[in-house]
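Below is one structure, written out as structure tokens, with a few remarks after it.
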Amino acid sequence: MSRARPYLSFELQEPAGSHSPTSPIPPHETVTNRPWYHYLPLLFTVGLILSPHPSILIVLVRYHLQILESPLYFGLNLIITYTLTFLALVSLLVCVVRDPGPVDYKPGEEDSSLGDENAMSLTEALMGPGPTDDYSEPGKWCNKCWAPKPERTHHCSTCGRCVLKLDHHCMWLTKCLGHRTYPSFVHFLISVTLLATYIASLAIKSLIFAFTHYESIDETTPLHELFLAAEGLIFAMVVGSFVAYHLYLVTTNQTTLEHISPYLLLRYLPALPPSPSGQQLSNPPQEDELTYYQRRLVRRAHGRIRLYDIGWRQNWAQVFGIDGLGKAARWKVILYRLLCGGSSKGDGRTYPRNPRAEDMLANLATDLVMETKDL
Ligand SMILES: [Zn+2]
Ligand SMILES: [Zn+2]
């Protein structure tokens, strides 16, 4: 086992924006000087959420107040619609504003500077032992940030930094979704789906009324109802399918990245046994040195091996856990989760592994080596 590479903090002053590939970049640093048009997808997302509201108000006033003369239903529908809109916007704001997962994150603390807490001075590095984790292992050191890369951490090339338990970089939110923002992202998807479904059902109901009582309704209201029904149904189906996908990921404890990248498994393989053909793969094997049949083996194994699946209850607890000391504290957490989704449990650096996965990985390692025999 090679010696751990210490993280050194040299007090060298560099002009801003002059990072060379070899210069240390703080892992919590985000690309902040983006051009204005980079945020257009985010504005578009907010616009899509707000766009149906003029039509909703028109339909509610004409249908519930003027035709049905029911202020109670008018108020009730107004409260439900704006509560769901508020919840969607709150979790969207959390996703955009909160750091998705700084590598130096400690639960209960706001974003801290790696330079203050985790970095070793040059003297400390030379005199004392290095960090306890062996960051020289594959996948445990980011060559782009030149910093430790804990388990399930990945480097986002768009943001130019590493993110703890990176799920994916969302182009619509122009932000990474990671350990600290994933619950808010799921909350946002669920809120938008509920809002879209509610609006669609409201619009379809009033549209049916318009067709059956066309003498009591004006010409423009059915157009608003038609627009709301179409937009609501499209959003409910599109965003709803994402909700279903992410509920599956939470239940099986996978990130989007882990689910769509079968070759990430290679990093977790145990040391490969000697090959009977004499053609030895790297340890761990690299994707580009695998044959077609070996790649097929990895892809098939990826469908069965869930590295972090420790049972659906505990998987859900990692993302939406409501631990708290006492009843009052637990209710506080529940309300916080209902408001914006909250943050994932734990430090985001270590995760319990599925005990059955080790045997399956050992079998995959053997199968990969045996496959070289037939070359
Ligand atoms: Zn990185
Ligand atoms: Zn990103």
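Rule-based calculations on the coordinates, nothing more; no lab input. Since this is a predicted model, take the numbers as computed values, not measurements. For neighbour counting, all protein chains shown are included, and Cβ atoms are generated from backbone atoms with ideal geometry for every residue, glycine included.
Say whether the condition of being closer than 27 Å to Gly346 by Cβ, surrounded by 18 or more Cβ atoms within 10 Å (Cβ to Cβ) and in contact (Cβ under 8 Å) with a residue 24 or more places away in the chain is met by at least one residue in segment 269-282. Yes, because at least one residue in segment 269-282 is closer than 27 Å to Gly346 by Cβ, surrounded by 18 or more Cβ atoms within 10 Å (Cβ to Cβ) and in contact (Cβ under 8 Å) with a residue 24 or more places away in the chain. Against the list (1) free of Cβ contacts under 8 Å to residues at least 60 places away in the same chain; (2) part of a helix (DSSP H, G or I); (3) in contact with a Phe, Trp or Tyr (Cβ under 9 Å, 6 or more places away or on another chain), the condition Gln254 fails is (2).
In the condition set (1) within 24 Å of the chain's Cα centre (by Cα); (2) assigned to a loop (DSSP other than H, G, I, E, B), Gln314 is compliant with all but (2). Give the residue that is farthest from ligand 2 (Cβ to nearest atom), with candidates limited to residues of segment 184-205 that are farther than 15 Å from Thr85 by Cβ and surrounded by 24 or more Cβ atoms within 10 Å (Cβ to Cβ). Per the stated criteria, the residue is Ala203.
The number of residues in segment 172-181 being within 9 Å of ligand 2 (Cβ to nearest atom) and of a type in the set (Lys, Arg) comes to 1. Run Ala200 past the list (1) within 13 Å of ligand 1 (Cβ to nearest atom); (2) without any contact (Cβ under 8 Å) to a residue 40 or more places away in the chain and report the number of the one that doesn't hold. Here Ala200 meets the rest and fails (1).
Residues of segment 153-169 that are more than 13 Å from ligand 1 (Cβ to nearest atom) and surrounded by 21 or more Cβ atoms within 10 Å (Cβ to Cβ): Lys165, Asp167.
Quick check on my filter: what residues within segment 261-280 are part of a loop (DSSP other than H, G, I, E, B) and either more than 25 Å from Tyr308 (Cβ to Cβ) or of a type in the set (Ser, Thr, Tyr) (or both)?
Within segment 261-280, Ser261, Pro273, Pro274, Ser275, Pro276, Ser277, Gly278, Gln279, Gln280 meet the criteria.
Selection within segment 172-188: residues that are outside any strand (DSSP E or B) and among the aliphatic types (A, V, I, L, M). The member of this set that is farthest from ligand 1 (Cβ to nearest atom) is Val186. If you go through segment 189-232 and pick out every residue that is within 17 Å of Phe74 (Cβ to Cβ) and part of a loop (DSSP other than H, G, I, E, B), you end up with 1. For segment 229-247, residues that are over 13 Å from the mean Cα position of the chain (by Cα) and of a type in the set (Phe, Trp, Tyr) total 1. Filtering segment 323-344 to residues that are assigned to a loop (DSSP other than H, G, I, E, B) and crowded, with 17+ Cβ neighbours inside 10 Å leaves Gly341, Gly342, Ser343, Ser344.
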